[in-house]
Every structure is written in structure tokens, then in C-alpha cells.
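Worksheet for the structure shown next.
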Amino acid sequence: QNERAAYRLRYHLMAPSGWMNDPNGLIYFNGQYHAFYQHYPYGETWGPMHWGHGISDDLIHWHHLPVALAPGEAYDRDGCFSGSAVDDQGTLTLIYTGHNVIDPEKDVIVQNQNIARSRDGIHFYKANANPVIHQQPAGMGQDFRDPKVWRENGVWFMVVGATKHDQGQVLLYESANLEEWTYRGVLAQNDGGNEGYMWECPDFFKLGDKYVLLASPQGVEPEGDRYLNHHQTVYMVGDYVNGQFIRSSFTELDYGHDFYAVQTLLDGKGRRIAIGWMDMWESPKPSQKHGWAGAMTLPRELVLTEEGKIAMKPIEELTLLRQQSTPIGPLHVKHVHPILSSGNLVELEAQFALVDSDASAFGIRFCCAADGSEETVLRFDLLKHTVTLDRSRSGEGPGGARTVSIKSAATIDVRLFIDRSSVEVFINDGETVITSRIYPQETSTGMTVFAEGGSIVMPTCTVHKLKSIWSE
Ligand code: FRU
């Protein structure tokens, strides 16, 4: 295996090489899914931002298309930052932030909003009207980026991230033609709590009978088992009345180490599908030694639960990746039970029946080295009602454990996706999701289930070997 391929994921969307961060312009257009992303094609670190581009018929199998946007105009000279895509009467149109560094020493920047159009869905032309929004409203800070645009009752609306007096904000604009925009006011903001000084990558939509605002605040402080990083993706559920969003919650969307800048799309089946960046500004990135960094998460369908929370379910198309399925359960696990010895493109589907069990803790060890030197552990503590993803012995990476509270329930369902250097755990139909990167050796492929202080019943346990979507 060549050097560059070390740690490369096999069934996730990622750049052909170089750096990637946020998903951009997710859209279902002319019967196909397009995903763009923040991309620096010339190196493994963040640089002047381009938009990479992938296309798919099913959100699972992706093909690379040429880079869609590159910086270089007077208004986007230092980067084409994050944004979104719309179908403007058959014209695929991108709306993005132009980034301009005025004084690198003093950190002075100018950010504006721009559009680019395509006739063929591949080549994009920046509009003569750019920038379509020159600057932030008076009195606001210089951070003004990440437009997400949608159409409602024949009118275009935009939410865009902003800051005022070091409090994160989301601003609302409207337009009849995508070129002339009217500022409608502040849709939502940090009201002075631990909610960050700049709200990056906002997204706003109806889900069930509520409205949901997603944002990725910068500057959130860790609080007990809430929040992990300075950067954090959160969701707010609420009502939308006269251009105002009245929120009743502010909650982490994913509890892993590596999840940020999520964006959604509404697809042909009416599903609200979310994809995030599966890495993090703060995370050490061992893949950079091999010339690349970053990946997109698996697509997740957003669902509003009866309790008014958001669940992220793995989309049903993910079963297309299954190549060979081995049922192992039912199992009665007393101490340790091995379930897999080889393969690092794997989905585990497991159910734990707590009512029939007397264990005080149980879980799954995976990416285990034969000599015991490496393992990643997902451990449910039934006394504390928590789940922990522990990657302190996961291999080369940054380590660290993340613990979150979970609801008590009669059964716990787990779907665990491992793709070489990524882990995505979906608990109870996406009620709790944990996304992290790990960097084990290629040969660390063992998996076991375990129980502590008693035994645990597993009515079902199936290991699916998954296939690669890339030919490299
Ligand atoms: C979020 C972000 C965005 C910005 C982009 C730049 O991760 O900082 O706010 O548009 O990345 O690459």
C-alpha cells in the first residue's frame, strides 16, 4: 500500500488529495446529489480556499468533479469560503463568502457574499454583480460569512453567520433574484451565555412542526460533559414568528471529537439530510504526513423526536455498502466475546437488552491490536447512565475520551461504522451520535463485546463488512 493511502477512508466522501474542511452547497439537483466542500488542493494544510466538488446518485457512491470555485477576484482574493447551493429555475447557483485579508498582522479582514452560476453543473461562472452583499450591517464585527439560502413562497432567504460585541449572531436577508438582497434583521443570537462569539455555518429549516437553527459557534467553553472544543456544532429548536426565531433549546448535535460545520439538504424524498466535516480545527491530524486531511461524515437523516430533540439516523441507503453480513447473536456475554478479527471497513449492528441483564457496564472494543497494544472502547456505564468513547489507546492519534449522558432505556441499539480512520456511533436510532477520528495500525482490526459486573444479553449482533467506493 502506498504512503499516501495510509489512513485514507474508503466509503466516505473526501477530497482526491490535499486539505478539506466544511461541506458546502449540498443540494439535490436534477435527480443527483452534489456536495461541495472547502478545499485546498495544493497541500495538506488549510490555505486559500477553493470549492471541491463531488456528485452522487445515492449519497453513497461519489465521483469527483473538477474544483468548482477558486479564489482570485478582487472580492474573493484570499478564499472562497463556505456557502450553499440553490436551484434557480434550472441553474445550479452557488452562494459563497469572499474572504479578503486586509492586514494579516492585525487580523483585519473583509468578508462579503457572492454568487456563481453553472449551466452544466460542472463549470461555474462568478456573477458580474458580485459581491451581492458588500459588507455586514453597520455596527457588526468583521466576521460575516457562510450564507445558506433557500426559497419560500417565491422569495429567496439567506441566513449568514455574524458577530456583534463578541456575541455570535445569525442574520436574515431576503431577495427576489439572488443579486439584490435586503437585510431583515437578527434571526438569532448568543444572549450572553456560553454560546460563542461567532456563529459559523448557520442553517435554518422546518423540521416536523418546529423550526431548527444549526450553527457552529466559535468560542464555546467546555462545561462538565457538555462541549469538548472551542468549536462546536449545536442545534436550536423553536418557532419562527415574523422573521424572529424564538428558541427553546441549545444543544450539541454530535458528541464526538471530530464533527463540525454541518450543513443540510432537502432531498427528492423530502428528507432533511445532514453532512458534517469529520475532523476539527483543534484536532491533530496524523494524515497530514501523508498529504491530506479531512473527510465528510456519513449522511444522516434529521428527525425531530417526541421530546423535541434532534436525532441523526444513518440514511437507509447505507445498507448499499454491505458486502458480507455475518450474524453472530443472540449472545449472552459474561466477560468478553470476540466478534471480528479482520477488516477495518465495518458496520456493527448490535442490540443490548438491559432488562434481561445484570451487568453494571458493557460495551465494544474495536480496532484492537492482536498484542493488546491498541484498542478503541465504547463503554456504557449503567450506574452513571453514560456512554464513553475512549480513544486513549487508539493508535497514533490525539487520544482522549468523551463521555455523554444517555437516557435510560430497556434496550440499547448501536450501529457502529468504522472506516479505517473514522468511527461513527449511532445509539438508539441516532438519539446520541458520536463521531471521531482514530489512527490505529492497519493491522489493528479485532473487535469484542464485553460485560462488567455481570452479564449482558444481546438479542442480535451482526457484523457487516463494507465495500470501498473509491478505486484508488
Ligand atoms: C468553518 C469555517 C467557516 C469558513 C470556512 C473557511 O469551519 O471557519 O466559517 O467559511 O471554515 O474555510
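Along the three principal axes, how long is the stretch 1-87 when you take its alpha carbons, biggest first, rounded to the nearest angstrom?
On the principal axes, the stretch 1-87 reaches 43, 35, 17 Å in Cα extent.
Hey, any idea what Rg/Rh is for the stretch 57-105, computing Rh the Kirkwood way over Cα pairs?
When Rh is taken as the Kirkwood radius, the ratio is 1.10.
Which is the longest run of the chain containing none of the trypsin sites (Lys or Arg not before Pro) found in DSSP loop states (not H, G, I, E, B) with at most 16 other C-beta atoms within 10 Å?
The segment 120-268 is the longest one with no such site.
At 25 °C and a viscosity of 0.890 mPa s, what translational diffusion coefficient does Stokes-Einstein give for the stretch 198-256, taking Rh as the Kirkwood radius over Cα pairs? Give it in µm²/s as a whole number.
203 µm²/s
Provide the three semi-axes, in whole Å and in decreasing order, of the ellipsoid equivalent to the chain as defined by the square roots of 5 times the Cα gyration tensor eigenvalues.
38, 24, 20
Using Cβ counts within 10 Å as a stand-in for footprinting exposure, how do 107, 356 rank, fewest first?
The order, fewest Cβ neighbours first, is 107, 356.
Against the 2.2 N^0.38 Å scaling, with N counting residues, where does the stretch 313-456 land? I'd like the Cα-based Rg ratio to two decimal places.
0.99
For each of 51, 281, count neighbouring Cβ atoms within 10 Å of the residue's Cβ, then give the residues from fewest to most.
By the 10 Å Cβ count, ascending, the order reads 281, 51.
Cα atoms only: what Rg and Dmax, in Å, come out for the stretch 83-196?
Taking only Cα atoms of the stretch 83-196, I get Rg and Dmax of 14.9, 46 Å.
Over the stretch 3-317, what is the relative contact order in whole percent, taking alpha-carbon pairs under 8 Å and six or more residues apart?
Rounded, it is 14 percent for the stretch 3-317.
Between residue 316 and residue 120, what length comes free when the chain is fully extended (0.36 nm per residue of separation minus the Cα-Cα distance, one decimal in nm)?
Between residue 316 and residue 120, full extension yields 67.6 nm more.
May I ask which residue of 192, 138, 182 lies farthest towards the positive end of the charge dipole of the stretch 119-199, with charges of +1 (Lys, Arg) and -1 (Asp, Glu) on Cβ and the Cα centre as origin?
182
Which GluC sites (Glu not before Pro) in the stretch 358-425 sit in a loop by DSSP (not H, G, I, E or B) and have at most 10 other Cβ atoms within 10 Å of their own Cβ?
none
Got a sec? How would 337, 99 order by Cβ neighbour count within 10 Å, fewest to most?
Fewest to most other Cβ atoms nearby, the residues stand as 337, 99.
Residue 106 to residue 135: FRET efficiency via 1/(1 + (r/R0)^6), r the Cβ-Cβ distance, R0 25 Å, to the nearest 0.05?
0.90
Considering the dipole of the chain built from charges on the beta carbon (Lys and Arg +1, Asp and Glu -1) around the Cα centre, which of 350, 464, 312 is farthest to its positive end?
So the residue furthest toward the plus end is 464.
Two decimals is fine: what's Rg over Rh for the stretch 140-269, C-alpha atoms, Kirkwood radius as Rh?
Rg/Rh: 0.96.
Along the principal axes of its C-alpha atoms, what lengths does the stretch 11-142 span, in descending order and rounded to whole Å?
Sorted largest first, the three principal extents are 45, 36, 23 Å.
Report the relative contact order of the stretch 340-472, percent, no decimals, based on alpha-carbon pairs under 8 angstrom and at least 6 residues apart.
40 percent
Read the figures in this text as sums done on the coordinates, not as results from a lab. Computed from a predicted structure; not experimentally measured. Here the Cβ is made from the backbone with ideal geometry for all residues, glycine too, and neighbour counts use every protein chain on show.
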